[in-house]
There are 2 protein chains.
Amino acid sequence: MGNRRLTVREIARLAGVSVATVSRVSNGTGQVSEETRRRVLRAIEEHGYRPHHLGRALAARRHGAVGLVFPGLSGPYFSELIQGFESEAVKTRTSVHILCTHLRADSDAEVIEMAHRVDGLAVLGGTVSHDTISELAAMLPIVVLAGDGPAAVPAVRIDNTAAAALLTRHLLADHGLRRLEFVGDPSGSPDVTERWEGFRQAHRQLELPLPRAPIRVGLQQPDGVFAAEQVLRRAIPPQGVVCANDETALGVLVGATGRGVRVPEDLVITGFDDIPMAALVTPPLTTVRQPVRELAARTARLLLQVTAGEPGQPETGLVLPTGLVIRGSCGCPTSTDSPTTGRHRTTSTSRRSRAM
Amino acid sequence: MGNRRLTVREIARLAGVSVATVSRVSNGTGQVSEETRRRVLRAIEEHGYRPHHLGRALAARRHGAVGLVFPGLSGPYFSELIQGFESEAVKTRTSVHILCTHLRADSDAEVIEMAHRVDGLAVLGGTVSHDTISELAAMLPIVVLAGDGPAAVPAVRIDNTAAAALLTRHLLADHGLRRLEFVGDPSGSPDVTERWEGFRQAHRQLELPLPRAPIRVGLQQPDGVFAAEQVLRRAIPPQGVVCANDETALGVLVGATGRGVRVPEDLVITGFDDIPMAALVTPPLTTVRQPVRELAARTARLLLQVTAGEPGQPETGLVLPTGLVIRGSCGCPTSTDSPTTGRHRTTSTSRRSRAM
DNA sequence: GGTGCTGCTGTAACCGGTTTCAGTGACCGA
DNA sequence: TCGGTCACTGAAACCGGTTACAGCAGCACC
């Protein structure tokens, strides 16, 4: 077996043609006579030649890769995002570089490093500072996924505030609940910031006293369990908790029922995301459905389109619709048909240019 | 702002030196006089020059990247693996390309494509055919993560069979249970194959009749809920279920308690992985702890070491230790102290050369 | 026969770095 | 003063592709 890699020049020699012809054949560009093409293809086939990615990339001045930056992989939400993104990228034979900024201090520097190795970048909202995003935007296409960047940077997102407000109003107005608490850390991610804002907005709109400070926990199931412990220790526990996502809501549910609290009779619980498990617990979770995978796929397509140098429209902002999913955990009667569905109210969908 | 990228030659011109000197300065190689170094650094600094990754990579004949191939991102297990892997790679300034083979038919071709863009490859057990792995092994360093490849290919794994057998023996011998079922699809992944094998092995060792066929479901929480429904519909339900992982076990737990079944009195449930949630449910889950992140980190280090061309030992097989974690869901009394711990029994750790 | 077109092909110059190797001047010991 | 060593520097040749451009043959047409 050939130990050293074959090069175009080797193949050219073997086929008795020039490197230009080999390149033309292997790319299907330019004019090549049928006879020559066959000879070159035979040589390529016979020796198992494949053009070296770096050589090709350097000549084309394209990396053939895009980067995806996210804080960490917690729960189905991020998994869906990554998978949605990756599956779009692979369609265009573009590789996906990942970077988990997690809790690393110098992550902005790492992102900049990555920017030099890819043709485009998608960053999850809240993972990279706006200054750094602006800096990056000057050197390559960049899209913010599930969040906001500086004004000129395109973003694909949902309207968290409106959805959280709609959900909260359902609890306040339709169920007449008064003592609600928010579970989640608004300073942890822009998603949570906006949901917290929607939660407060609903209180303001209904001219109710503003809710107390949020219970600052993370976004995973165990965090919800801790939140439940915290909430149930109070002298006067709340009537309901609005959780930043389904994961924590499930955690709260587990924690609460484990302590003998009845849901929704003693405590109402709502989530956000509508992960598959939400419909399967008892009682099933009232939540907000958002098209997570679609969000990521749209981001990928937007990015790939720009990096491919397509002349397409310079779309700068995209807001995908969400839907309120009413199930049993808010106190509504549980629908007895399919457990995977709930009643829906869909928020408006819009495509806006944030540059106005 | 400079629109076109700066090149070494530009900087060389600006600093009044040759490209060789610029290269020497920016890499810290070779001898350069202090005065010249300063002049070059000033030019680099002043114009914000950064060497182009592709040019450098082509010259070095190194991509500066490794690939990670996995089936899909379901649950904390895969998330941990990816994060463990990525955090090691980033330490060596190596980028990580991901590929979710998921259910795509031509995934082997995609893996081969990826192999041409990276210096080394880690594939999760069961995602790539052995033939393809052998083919890849001939062209670049490759490590199998959490599974087995062809004999000559290094792998980092745990002993699933022994751990599952130990757990199952606990149920059969210590609790005297007789009617156990296995939840998980052995044909879905090598992990499950081995755990199923361990489950059967325990029955054989205790000279008990072999268990009935496994309940073939996926590895996520909702799959566990479906499994619970399936199991509880039987005329004679089992006394216990051994689940392929914690996710499904939690799903079974939710599904069973939702139907009024008491755990562990009516039904014993065990998991595998010891995800954080396992200790927090009621009753807490008896399971097997495995060092997931460490598994991935070791894989990354092994791979990076080889791709860096280090003369190190040609380690071919690594088996990390697991531990049986006894909590309440198997019927043992729940320890009343910290809820995050359980009683432990650790399986042997070993480092073996599979080439023998 | 000359002209212009068309189809095919090869040479050489890129892309943006690294590295070999030869050359320079300074310095040192004899 | 001379040969030898040493620290430093630059020209040019890589790495492995793509592509602009020029050249050539064959043909149609005047």
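A few notes on this one:
- Phi angles of the range A:214-221 translate, via the Karplus equation with coefficients 6.51, -1.76, 1.60 and θ = phi - 60°, into HN-Hα couplings of x, 8, 7, 9, x, 10, 10, 3 Hz per residue; Gly and Pro are given as x.
- Neighbour cut-off at most 16 other Cβ (10 Å), DSSP loop, GluC sites (Glu not before Pro), the range A:189-224: A:Glu207
- Net charge over other residues, Cβ less than 14 angstrom from the Cβ of A:Leu172 (K, R count +1; D, E count -1): +2
- Amide proton proximity set for A:Val288, modelled H, under 5 Å, gap of 5+: A:Gly271, A:Phe272, A:Asp273, A:Asp274, A:Val325
- Compactness check for the range A:202-265: Cα Rg over 2.2 N^0.38 Å is 1.14.
- Backbone phi angles across the range A:200-211, fed through the Karplus curve with coefficients 6.51, -1.76 and 1.60 (θ = phi - 60°), yield HN-Hα couplings of 5, 4, 4, 5, 4, 4, 8, 6, 9, x, 5, x Hz in residue order; Gly and Pro are listed as x.
- Close amide-amide hydrogen proximity is noted between A:Thr92 and no other residue 5 or more places distant or on a separate chain, at a cut-off under 5 Å (H modeled in the peptide plane; Pro and chain starts excluded).
- Full extension of the chain between B:Arg234 and B:Arg37 yields a length gain of 63.0 nm, computed as 0.36 nm times the residue separation minus the alpha carbon distance.
- Backbone phi angles across the range A:297-302, fed through the Karplus curve with coefficients 6.51, -1.76 and 1.60 (θ = phi - 60°), yield HN-Hα couplings of 5, 5, 4, 4, 4, 4 Hz in residue order; Gly and Pro are listed as x.
- Residue-span extension gain [A:Arg212 to A:His102] - 0.36 nm each, minus C-alpha spacing: 36.7 nm
- A crude spin-label estimate for the pair A:Val19 and B:Arg262, with each label 7 Å from Cα along the Cβ direction, gives 8.0 nm.
- For A:Val183, distant residues with modelled amide H under 5 Å away: A:Ile215, A:Val242, A:Cys243, A:Ala244
- Comparing B:Ser187, B:Ser26, B:Ser79 in a Gaussian network model of chain B, where Cα atoms under 10 Å apart are tied by springs, the biggest mean-square fluctuation is seen for B:Ser26.
- For chain A, built as a Gaussian network whose Cα springs stay under 10 Å, the top-fluctuating residue of A:Leu41, A:Leu81, A:Leu318: A:Leu41
- Of the beta bridges in the protein assembly as shown, as assigned by DSSP with both residues counted there, near 25 percent are antiparallel.
- Here B:Ala308 and B:Arg179 are evaluated by their C-beta separation; at R0 = 51 Å the FRET efficiency comes out at 0.45.
- FRET efficiency, B:Ala138 to A:Glu45 (Cβ-Cβ, R0 25 Å, nearest 0.05): 0.90
- Other residues whose C-beta falls under 11 angstrom from the C-beta of B:Pro211 contribute a net charge of +4, scoring Lys and Arg +1 and Asp and Glu -1.
- Least to most buried among A:Ser107, B:Ser329 (fewest other Cβ within 10 Å first): A:Ser107, B:Ser329
Bear in mind these aren't lab numbers, they're just calculated from the coordinates by the rules spelled out. Note that the coordinates shown come from a computational prediction; the quantities given were computed from them, not determined experimentally. Neighbour counts are summed over all protein chains in view; Cβ atoms, including those assigned to glycine, are modelled from backbone coordinates with ideal geometry.
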